[in-house]
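Peer 1: Handing you a structure now.
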Amino acid sequence: MLSDHLKIALPSTDELPCSDDTPVDNEDQNFLPNVLLFLLSLIWANRMDWYFGVDMAVYHTTGVSPKVPVVPDGFLSLGVERKKKGKSRKSYAVWEESGIVPILALEMVSYTPGDEYDEKMAIYAKLGVLYYVIYNREYWRRDQHQPFEVYKLVDKNYQLQIGEPYWMPEVKLGIGRYQGVVSGIEQELLSWYDEQGNRYLNAEEIAQQERQRAEQERQRAEKLEQYLRSLGLDPDNLPSAGQ
């Protein structure tokens, strides 16, 4: 917990840039974290104690200066307001969030290496981010790592975890990859999973399931009607029970 004196000395998020203005190398750097955000908005629709930021500056006091942020491609914080004081955040300052640091940070490795495996890892470890996820679908051979890695902070050091989807008990979510379709485009995507390893469906998939169920019900009703007519019965004028 920060002292009152230190709080007064720290800038507010209204005074700080919302990001570092570093352009992304490809659309997935912004698209995939947003896929996770939109899915989480479905899973936790009734919860108001979480926040998922995409390409947003995280300001903290464990670095060279509280005015120098770290900017994850995505991050999740628990125990904070969905809307801070009813308003959208411009950035995330730990000292304005009751000292709550993100519990998960996500980095998407791109054509231009961004120190995901060393400098950023050290920053997140010092900050105290419990889970650090690195997604490196295209350049993992170049970087001599796996395409998808989950690290957990243990005794102030990150340890590579085993298993996918990987279940995070502190978050009560799993995270992993799957081959799916979003907006008509098929590609490898990131998703949240339940404790049994079942993938949470996105809005498109839920709507498709509902359409399929409705079609199955229509077909069953049609077959029943045909069967009744084959027995010489009028489906619209069936005798009621007791007659």
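The values are calculated or read from the model by the stated rules, or taken from the named source; none is laboratory data. Computed from a prediction, not measured in an experiment: that's the story for all the values here. Positions of Cβ are backbone-derived with ideal geometry, glycine not excepted, and every protein chain shown enters the neighbour counts.
Peer 1: On the given criteria, is residue 143 farther than 30 Å from residue 112 by Cα and either assigned by TED's automatic domain parsing to the domain that holds residue 72 or aromatic (Phe, Trp, Tyr) (or both)?
Peer 2: Judged against the criteria, residue 143 is not a match.
Peer 1: So residue 114 fits all but one of (1) in contact (Cβ under 8 Å) with a residue 12 or more places away in the chain; (2) buried (at least 16 other Cβ atoms within 10 Å of the Cβ); (3) closer than 18 Å to residue 30 by Cβ; what number is the exception?
Peer 2: (1)
Peer 1: Looking at this structure, is residue 101 surrounded by fewer than 20 Cβ atoms within 10 Å (Cβ to Cβ), farther than 19 Å from residue 174 by Cβ and among the β-branched types (Val, Ile, Thr)?
Peer 2: For residue 101, the condition - surrounded by fewer than 20 Cβ atoms within 10 Å (Cβ to Cβ), farther than 19 Å from residue 174 by Cβ and among the β-branched types (Val, Ile, Thr) - is met.
Peer 1: Could you list, in sequence order, the residues of segment 147-162 that are loosely packed, with under 15 Cβ neighbours inside 10 Å and touching a residue at least 12 places away in the same chain (Cβ under 8 Å)?
Peer 2: Those that are loosely packed, with under 15 Cβ neighbours inside 10 Å and touching a residue at least 12 places away in the same chain (Cβ under 8 Å): 156, 157.
Peer 1: For residue 167, state whether it is of a type outside the set (Ser, Thr, Tyr), at pLDDT below 95, closer than 30 Å to residue 42 by Cβ and in the same structural domain as residue 12 (by TED's automatic domain parsing).
Peer 2: Against the criterion (of a type outside the set (Ser, Thr, Tyr), at pLDDT below 95, closer than 30 Å to residue 42 by Cβ and in the same structural domain as residue 12 (by TED's automatic domain parsing)), residue 167 does not qualify.
Peer 1: Any idea how many residues of segment 75-97 are touching a residue at least 60 places away in the same chain (Cβ under 8 Å), of a type in the set (Ser, Thr, Tyr) and surrounded by fewer than 19 Cβ atoms within 10 Å (Cβ to Cβ)?
Peer 2: 0
Peer 1: OK, next. Which number in (1) touching an Asp or Glu at 6+ places or on another chain (Cβ under 6 Å); (2) under 21 Å from residue 43 (Cα atoms); (3) loosely packed, with under 14 Cβ neighbours inside 10 Å marks the one condition that residue 235 misses?
Peer 2: Unmet for residue 235, out of (1) touching an Asp or Glu at 6+ places or on another chain (Cβ under 6 Å); (2) under 21 Å from residue 43 (Cα atoms); (3) loosely packed, with under 14 Cβ neighbours inside 10 Å: (2).
Peer 1: In addition: Would you please name the residue that is nearest to residue 106 (Cα to Cα), looking only at residues in segment 181-204 that are surrounded by 13 or more Cβ atoms within 10 Å (Cβ to Cβ) and free of Cβ contacts under 8 Å to residues at least 24 places away in the same chain?
Peer 2: It comes out as 194.
Peer 1: Of all residues being buried (at least 20 other Cβ atoms within 10 Å of the Cβ) and not aromatic (Phe, Trp, Tyr) in segment 131-146, which is nearest to residue 27 (Cα to Cα)? Just the residue, please.
Peer 2: The extreme case among them is 136.
Peer 1: Scan segment 28-53 and report the pairs whose first residue is in the same structural domain as residue 109 (by TED's automatic domain parsing) and whose second residue is of a type in the set (Asp, Glu), with Cβ atoms within less than 7 Å and a gap of 6+ or a chain change.
Peer 2: Cβ pairs passing all conditions: 29/73; 30/55; 33/73; 48/81.
Peer 1: Mind checking which residues of segment 204-243 are aliphatic (A, V, I, L, M) and either farther than 30 Å from residue 135 by Cβ or assigned by TED's automatic domain parsing to the domain that holds residue 37 (or both)?
Peer 2: 214, 221, 224, 228, 231, 233, 238, 241
Peer 1: Go through (1) modelled with pLDDT of 95 or more; (2) closer than 25 Å to residue 174 by Cα; (3) assigned to a helix (DSSP H, G or I) for residue 106 and report which single condition fails.
Peer 2: Only one criterion in (1) modelled with pLDDT of 95 or more; (2) closer than 25 Å to residue 174 by Cα; (3) assigned to a helix (DSSP H, G or I) is unmet by residue 106, namely (3).
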